[in-house]
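Encoded as structure tokens, the structure appears first; notes follow it.
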Amino acid sequence: MGFLITFEGPDGSGKSTQIKRLYERLQTQGYDAYLTREPGGTAISEEIRGLLHDLNHREMAPRAEILLYSAARAQLVQQVIRPHLAAGGIVLCDRYYDSTLAYQGYGHGLDLDTLRRITEFATEGLRPDLTLLLDLDAAAGLARRQTGGVEWNRLDDYALAFHQRVRAGYLALAAAEPQRWVTFDALQDKAELAAGIQQLVLARLAQLPAAALTQPQSA
Ligand code: TMP
């Protein structure tokens, strides 16, 4: 029941702008869509986000980092995502467990199988139906964030080599599960990117059996 779409990408890939545009389009089409983000999306998870992104916490150990992301995720899945999916809704999530595999796994070098087990526990095995990767070169992404007037967080502060490993990690994850992932060039014109994403998602939704989703209300 329901349909879970996640957006992934290196910092500065423009995910948050694009996911909002998709959300607005789905609403205009009459779909029951819900937009959320990781880490965050519930009162508890937003507090954990504050801890994770605090520039004063530079000493945070990678294992503590993964457990905090997973705690925020467990809360979001149970409190928000599962109930919406169970009601036949579409959930759009700005980052999900693939961020853990890319950042903590490929970026920090934590064991991927261990991360997958922790993730499985946190989400009770809830996987996205579709994951959109907004791909761009790590240096270009960081430059965008520095000039983009957005929050500069503790993760952005890691060295460029870390962000390059994250990007390579995303590409490896996408290649390993091509039926779930679709990769877009994040540096293309924003309006064209939005149109490409919307076209893809609307086509996928149209293929679902009628019972999977609350049917669109004509606006
Ligand atoms: P964002 O809200 O700008 O996407 O920032 C979230 C930051 O948190 C980003 O640098 C990626 C990082 N992150 C992880 O390292 N692991 C995770 O599991 C998640 C969800 C995010």
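Here is how the numbers come out for the structure above:
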read-out	value
Average projection area in nm² (convex hull over Cα atoms of region 3-212, one quarter of hull surface)	11.1
Positive minus negative residues near residue 197 (Lys, Arg vs Asp, Glu; Cβ under 14 Å)	-1
Dipole of the chain, positive end: most advanced residue of 102, 51, 5 [Cβ charges, Cα centre]	5
Difference of contour (0.36 nm per residue) and Cα-Cα distance, residue 175 to residue 159	3.2 nm
Mean Cα-pair separation over length for the chain, i.e. relative contact order, pairs under 8 Å, 6 or more apart, %	35
Among 132, 36, 211 - extreme Cα towards positive end, dipole of region 3-212, charges at beta-carbon	211
Extension gain, residue 185 back to residue 60 (0.36 nm per residue minus Cα-Cα distance, nm)	41.8 nm
On Cα atoms only, tilt of 62-76 relative to the major axis of the chain in degrees	20
222 nm mean residue ellipticity, helices alone, for the chain (DSSP H n ≥ 4; -39,500 (n - 2.57); rounded to 500)	-14500 deg cm²/dmol
Stretchable slack from residue 192 to residue 114, in nm (0.36 nm times residue separation minus alpha-carbon distance)	24.2 nm
Unit charges on C-beta of K, R, D, E only; dipole of region 3-212, Debye	200
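Values in this text are rule-based calculations from the coordinates and carry no lab data. As the structure is a prediction and not an experimental result, all values here were calculated from the model. In this analysis, Cβ positions are derived from the backbone assuming ideal geometry, glycine residues included, and neighbour counts consider all displayed protein chains.
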